[in-house]
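> Here it is, the structure in full.
The values are calculated or read from the model by the stated rules, or taken from the named source; none is laboratory data. No experiment lies behind these values; they were computed from the predicted model shown. A quick note on method: Cβ atoms are made from the backbone with ideal geometry, for glycine too, and the neighbour counts reach across all protein chains shown.
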Amino acid sequence: GNSVTQMEGPVTLSEEAFLTINCTYTATGYPSLFWYVQYPGEGLQLLLKATKADDKGSNKGFEATYRKETTSFHLEKGSVQVSDSAVYFCALNRMDSNYQLIWGAGTKLIIKP
Amino acid sequence: DAGVIQSPRHEVTEMGQEVTLRCKPISGHDYLFWYRQTMMRGLELLIYFNNNVPIDDSGMPEDRFSAKMPNASFSTLKIQPSEPRDSAVYFCASSRPGQGANGYTFGSGTRLTVV
């Protein structure tokens with residue numbers, strides 16, 4: 001079946017450090033892949049997405065590349081800020097239902113000044 | 001656009017009481033989703049609607065939970081009777097026609113505490 005596995009958190013970094021949050025998936029077919037971010041006390045917001053292999057999604061300095069060969073969609077940012085502290089969720093859409101998402105468990109990111 | 005609007009933001013209730021959570025989707029969005037978020041289980045899809053019709057309610061935990069969408073601009077999630085294990089953050093999300101999961105917008109959630 002379809003599933004998403006994220007690295008466990010919390011991930012604690014200093015400001016301006018390089019960020020990688022790992023995400024791997026299992027799926028039948030070629031789903032779209034997403035990263036959502038949840039800031040404290042708020043709902044989830046779409047951060048970036050990729051709809052086919054080798055696509056790179058990017059937004060707000062974050063990037064992730066759809067790697068079919070390694071079934072991965074790792075989130076990266078070259079220089080994090082305190083304001084990036086949040087929970088990050090990796091997700092894919094179910095192939096039998098384009099409107100339903102399969103979610104990872106979320107990774108909490110803490111950036112220290 | 002005001003986004004997906006949920007009310008109340010916080011709800012504290014006693015075990016056994018009825019709880020009603022409300023959601024107003026973005027105008028023109030024809031899919032509406034109810035999610036529950038807990039530390040133990042993460043994000044769980046409870047039910048979703050298309051054009052006001054429930055499509056999949058297999059995530060609804062038990063008969064104490066019910067959801068309705070009487071029109072395109074309003075949905076409710078009701079828990080009767082409530083139990084402490086229902087304590088969670090409940091999110092509503094809506095999606096644009098033809099966009100699938102690419103068009104998801106979440107509300108800010110309702111934090112429910114059952115004591």
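> Does B:P84 fit the bill of being of a type outside the set (S, T, Y) and farther than 24 Å from A:G41 by Cβ?
Considered against the rule, which asks whether it is of a type outside the set (S, T, Y) and farther than 24 Å from A:G41 by Cβ, B:P84 comes out as no.
> Taking strands (runs of 3 or more DSSP E) that fall entirely within segment A:60-113, which contain at least 1 residues that are within 11 Å of chain B (Cβ to nearest Cβ), without any contact (Cβ under 8 Å) to a residue 40 or more places away in the chain and closer than 19 Å to A:A27 by Cβ?
A:97-103
> May I ask you to say which residue of A:N93, A:N98 is touching a helix residue (DSSP H, G or I) at 6+ places or on another chain (Cβ under 9 Å), polar (S, T, N, Q) and either surrounded by 20 or more Cβ atoms within 10 Å (Cβ to Cβ) or at pLDDT 95 or above (or both)?
Result: A:N93 is the single residue among A:N93, A:N98 that is touching a helix residue (DSSP H, G or I) at 6+ places or on another chain (Cβ under 9 Å), polar (S, T, N, Q) and either surrounded by 20 or more Cβ atoms within 10 Å (Cβ to Cβ) or at pLDDT 95 or above (or both).
Conditions tested, residue by residue: (1) of a type outside the set (S, T, Y); (2) more than 22 Å from A:S85 (Cβ to Cβ).
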site: A:G1; (1), (2): yes, yes
site: A:L13; (1), (2): yes, no
site: A:A17; (1), (2): yes, no
site: A:T20; (1), (2): no, no
site: A:G41; (1), (2): yes, no
site: A:D54; (1), (2): yes, yes
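> Scan segment B:10-38 for residues that are aliphatic (A, V, I, L, M) and part of a strand (DSSP E or B) and report the count. Explain how you work it out, then say what you get.
Filtering segment B:10-38 down to residues aliphatic (A, V, I, L, M) leaves B:12, B:15, B:19, B:21, B:26, B:32.
Then keep just the ones that are part of a strand (DSSP E or B); that gives B:12, B:19, B:21, B:32.
The qualifying residues number 4.
> Moving on. Give segment B:93-103 a look and list any residue that's out of contact with any helix residue (DSSP H, G or I) (no Cβ under 7 Å at 6 or more places or on another chain) and in contact (Cβ under 8 Å) with a residue 40 or more places away in the chain, or say none.
Within segment B:93-103, B:A93, B:S94, B:P97, B:G103 qualify.
> So is B:S108 in contact with an Asp or Glu (Cβ under 6 Å, 6 or more places away or on another chain) and either within 11 Å of another protein chain (Cβ to nearest Cβ) or not in a loop (DSSP other than H, G, I, E, B) (or both) or not?
Numbers: in contact with an Asp or Glu (Cβ under 6 Å, 6 or more places away or on another chain): yes; either within 11 Å of another protein chain (Cβ to nearest Cβ) or not in a loop (DSSP other than H, G, I, E, B) (or both): yes.
Here the answer is yes, as B:S108 does meet what is asked.
> Here's something else I'd like to know. If you take just the strands (runs of 3 or more DSSP E) that sit entirely in segment B:43-87, which of them hold at least 1 residues that are of a type in the set (D, E) and surrounded by 15 or more Cβ atoms within 10 Å (Cβ to Cβ)?
On the way: elements: B:53-56, B:65-71, B:74-79.
So the answer is B:53-56.
> In addition: Within segment A:1-40, can you find the residues that are among the small types (G, A, S) and surrounded by fewer than 17 Cβ atoms within 10 Å (Cβ to Cβ)? Step through it out loud before you land on a result.
Taking segment A:1-40 and keeping what is among the small types (G, A, S), we get A:1, A:3, A:9, A:14, A:17, A:27, A:29, A:32.
A:G1, A:S3, A:G9, A:S14, A:A17, A:G29 - these are the residues of segment A:1-40 that are among the small types (G, A, S) and surrounded by fewer than 17 Cβ atoms within 10 Å (Cβ to Cβ).
> I'd like the residue in segment A:41-54 that is within 18 Å of A:P31 (Cα to Cα), surrounded by fewer than 18 Cβ atoms within 10 Å (Cβ to Cβ) and not hydroxyl-bearing (S, T, Y) and, out of all such residues, is modelled with the highest pLDDT.
A:D54
> Right, next: Does B:T76 meet the test of being closer than 30 Å to A:E8 by Cβ and in contact (Cβ under 8 Å) with a residue 12 or more places away in the chain?
Criteria not met by B:T76.
Residues are listed down the side, and each one gets a yes or a no for (1) part of a strand (DSSP E or B); (2) within 24 Å of B:P25 (Cβ to Cβ):
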{"residue": "A:T5", "(1), (2)": "yes, no"}
{"residue": "A:L13", "(1), (2)": "yes, no"}
{"residue": "A:A17", "(1), (2)": "no, no"}
{"residue": "A:Y25", "(1), (2)": "yes, no"}
{"residue": "A:Y30", "(1), (2)": "no, no"}
{"residue": "A:V37", "(1), (2)": "yes, yes"}
{"residue": "A:K49", "(1), (2)": "yes, yes"}
